[in-house]
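FYI, it's all coordinate maths here, none of it is from the lab. Remember, it's a predicted structure, so these values are computed and weren't measured experimentally. A quick note on method: Cβ atoms are made from the backbone with ideal geometry, for glycine too, and the neighbour counts reach across all protein chains shown.
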Amino acid sequence: MGLAALWRRLFGLGSDPADDPLAGLPVERPWRDRWDYLPRRSAGADFTRRDYAEARARARDVARTTLGDPLWDELQRQGYLDLPSRRFPGVLYRLRVGRRIEVRCESGVRSPWRQPYLCINPTYPLPEEEFFAQLYLYVRDREEEIIRVAAPQPWDQNLGRTF
């Protein structure tokens, strides 16, 4: 490993394509880079209107396929999906495309968090509907990870790295 590659690895500045055996393949691995320099709700200056439109169309297909038609139709009809917590009886997670997770509790149930919203942003820019589908799967199947990484927030807001 060269000095430049070591420097990049130590300071998290991405990877050196020369060190990557998969670098020549047409596979994107955006999680290997840093995205903090981008403005909120952007995929970067080199993304055109057409790129955004194509990414959002693919994201819609991914989300619909991931959720299945009944859940997709429910999301389109009401604008959210509710998932009951498996860990906390009487707690419900309300998921909305491009927004923070809302924590709702049945009457008489105390929330596990002091704040009513949980903030989780993707590591790299993603279309809102694609991230929604990923978030749905995490809440449904890996709630402990949501509990571990979510930042409780007092208000609702758009997510930062979605577009």
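It is to be established whether one or more residues within region 143-157 are over 28 Å from Ala53 (Cβ atoms), of a type in the set (Val, Ile, Thr), touching a Phe, Trp or Tyr at 6+ places or on another chain (Cβ under 7 Å) and touching a residue at least 12 places away in the same chain (Cβ under 8 Å). Show your work before the answer.
Of all residues in region 143-157, those over 28 Å from Ala53 (Cβ atoms) come to 143-155.
With of a type in the set (Val, Ile, Thr) added as a condition, the list becomes 146-147, 149.
From what is left, the residues that are touching a Phe, Trp or Tyr at 6+ places or on another chain (Cβ under 7 Å) are 146.
Imposing the further condition that a residue be touching a residue at least 12 places away in the same chain (Cβ under 8 Å) reduces the set to 146.
Yes, because at least one residue in region 143-157 is over 28 Å from Ala53 (Cβ atoms), of a type in the set (Val, Ile, Thr), touching a Phe, Trp or Tyr at 6+ places or on another chain (Cβ under 7 Å) and touching a residue at least 12 places away in the same chain (Cβ under 8 Å).
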Quiz item: If we only count strands (runs of 3 or more DSSP E) wholly inside region 34-112, which ones have 1 or more residues that are among the aromatic types (Phe, Trp, Tyr)?
Solution: 91-95
Practice problem: Taking only region 102-135 into account, find how many residues are touching a strand residue (DSSP E or B) at 6+ places or on another chain (Cβ under 6 Å) and of a type in the set (Phe, Trp, Tyr). | Solution: 3
Quiz item: Pick from region 89-131 the residues that are hydroxyl-bearing (Ser, Thr, Tyr) and more than 20 Å from the chain's Cα centre (by Cα): which of them is nearest to Trp31 (Cα to Cα)?
Solution: Ser111
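For region 145-160, which residues satisfy the criterion of being in contact with a helix residue (DSSP H, G or I) (Cβ under 8 Å, 6 or more places away or on another chain) and either closer than 11 Å to Asn121 by Cβ or of a type in the set (Gly, Ala, Ser) (or both)?
Within region 145-160, the subset in contact with a helix residue (DSSP H, G or I) (Cβ under 8 Å, 6 or more places away or on another chain) is 145-146, 159.
Selection gives Leu159 alone.
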Practice problem: Check whether at least one residue in region 80-98 is free of Cβ contacts under 8 Å to residues at least 40 places away in the same chain, among the polar types (S, T, N, Q) and either over 22 Å from Asp36 (Cβ atoms) or in contact with a Ser or Thr (Cβ under 7 Å, 6 or more places away or on another chain) (or both), and report yes or no. | Solution: no
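Scanning region 104-133 for residues that are in contact (Cβ under 8 Å) with a residue 24 or more places away in the chain and farther than 18 Å from Arg40 by Cβ, which turns out surrounded by the most Cβ atoms within 10 Å (Cβ to Cβ)? Please lay out each step first, then the result.
Taking region 104-133 and keeping what is in contact (Cβ under 8 Å) with a residue 24 or more places away in the chain, we get 112-133.
Pick out the ones that are also farther than 18 Å from Arg40 by Cβ and you get 112-116, 118, 133.
Details: Pro112: 13, Trp113: 16, Arg114: 7, Gln115: 15, Pro116: 18, Leu118: 19, Ala133: 25.
The extreme case among them is Ala133.
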